[in-house]
Amino acid sequence: MGAAQERGLTSKGPEGYVQRLDTMITEALLVGPELAENPFGSEPVSQWRDVRDEPPHPGTWPVRAEQERQRWDWTPLKSVGPLRFGMKPQDVAAALGEEPTTRHGRYPFGSPWEGQGQWILTEDRFDHVGVSAHYASGFSWPPALGAVTIDGRTGPQVEFAGIQLIGQTVTAVDTALTHHVEERDLGLVIGCGGDLGVDGLNMFVRSTRAGDLLVSGARFCQEE
């Protein structure tokens with residue numbers, strides 16, 4: 001058994017279009033006997049998502065009050081808060097004032113352009129601040145900060161065009177962003193998970209579970 005973000009149809013147009021909502025609904029994975037003992041560790045399920053990379057269930061889903069959040073500035077494609085794209089992992093930790101809670105990475109694929117080598121860091125999660133740092137790296141290319149995800153439940157507040165991006169209802173932020181781009185004839189980018197962003201800014205509004213509801217978070221990326 002699991003949970004997923006609910007989606008629904010808008011009333012625009014003859015048939016409407018799918019939009020993400022602010023609620024979680026149950027889902028189920030049904031497997032045959034050969035997968036029953038360890039379904040998430042068996043093929044092909046293990047290729048869909050590695051649950052070992054998921055943070056442990058917190059038991060509760062606290063949402064940090066607005067007045068308790070830090071306020072971060074954002075310069076598109078360059079920096080967010082004290083974090084500048086291109087920083088080394090040790091510089092990221094120093095800027096945030098804490099060591100990573102968890103670290104994720106991978107080993108080289110053994111391809112001609114990567115070869116064989118040591119474990120490559122791809123992500124640091126900082127639970128106290130409420131952010132994750134994502135690193136661009138590769139063969140003979142040390143990890144450098146390429147994106148920052150701000151957790152909707154606990155992360156700092158960031159604004160764009162007067163829109164508070166963090167810790168709000170997802171539908172409210174999606175609606176505000178849509179109105180912003182329509183009024184200015186800008187482009188709207190939709191990510192693979194339905195995350196919305198303004199074309200050219202490399203910022204995507206994400207959803208963070210808070211019990212049976214969801215709140216908005218955001219991912220900020222470098223130009224590449």
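The values are calculated or read from the model by the stated rules, or taken from the named source; none is laboratory data. Quick caveat: nothing in here was measured; it's all calculated off a predicted structure. We place every Cβ from the backbone using ideal geometry, glycine too, and count neighbours over all the protein chains shown. Note: accessible area is taken over every heavy atom of the protein model, side chains too, but ligands, DNA and RNA are not part of it. Shrake-Rupley method; radii C 1.70, N 1.55, O 1.52, S 1.80 Å.
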*Give me a count of the residues in segment 12-48 that are open to solvent by 60 Å² or more (accessible area, probe 1.4 Å), touching a helix residue (DSSP H, G or I) at 6+ places or on another chain (Cβ under 8 Å) and either at positive phi or modelled with pLDDT under 80 (or both).*
1
*If the Cβ limit is 7 Å and pairs must be 6+ apart or interchain, which residue in segment 98-110 that is at negative phi and at pLDDT 85 or above pairs with which residue that is open to solvent by less than 40 Å² (accessible area, probe 1.4 Å) and of a type in the set (A, V, I, L, M, F, W, C)?*
GLU98/PHE126; GLU98/VAL129; GLU99/ALA93; PRO100/ALA93; PRO100/PHE126; THR101/PHE126; ARG103/LEU121
*How many residues are surrounded by 22 or more Cβ atoms within 10 Å (Cβ to Cβ), in contact (Cβ under 8 Å) with a residue 40 or more places away in the chain and small (Gly, Ala, Ser) when one looks only at segment 182-224?*
4
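Condition check ((1) hydrophobic (A, V, I, L, M, F, W, C); (2) assigned to a strand (DSSP E or B); (3) within 13 Å of the chain's Cα centre (by Cα)) across all residues:
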site	(1), (2), (3)
GLN118	no, no, no
HIS134	no, yes, yes
HIS179	no, no, no
LEU186	yes, no, no
GLY200	no, no, no
_Take the conditions part of a loop (DSSP other than H, G, I, E, B), touching a strand residue (DSSP E or B) at 6+ places or on another chain (Cβ under 9 Å) and modelled with pLDDT of 95 or more and apply them to GLY152. Does it pass?_
yes
*Out of (1) surrounded by fewer than 21 Cβ atoms within 10 Å (Cβ to Cβ); (2) more than 29 Å from PRO89 (Cα to Cα), the odd one out for ALA144 is which?*
(2)
*Kindly indicate the residue of segment 80-108 that is among the hydrophobic types (A, V, I, L, M, F, W, C) and open to solvent by 30 Å² or more (accessible area, probe 1.4 Å) and also farthest from the chain's Cα centre (by Cα) among those meeting that condition.*
ALA94
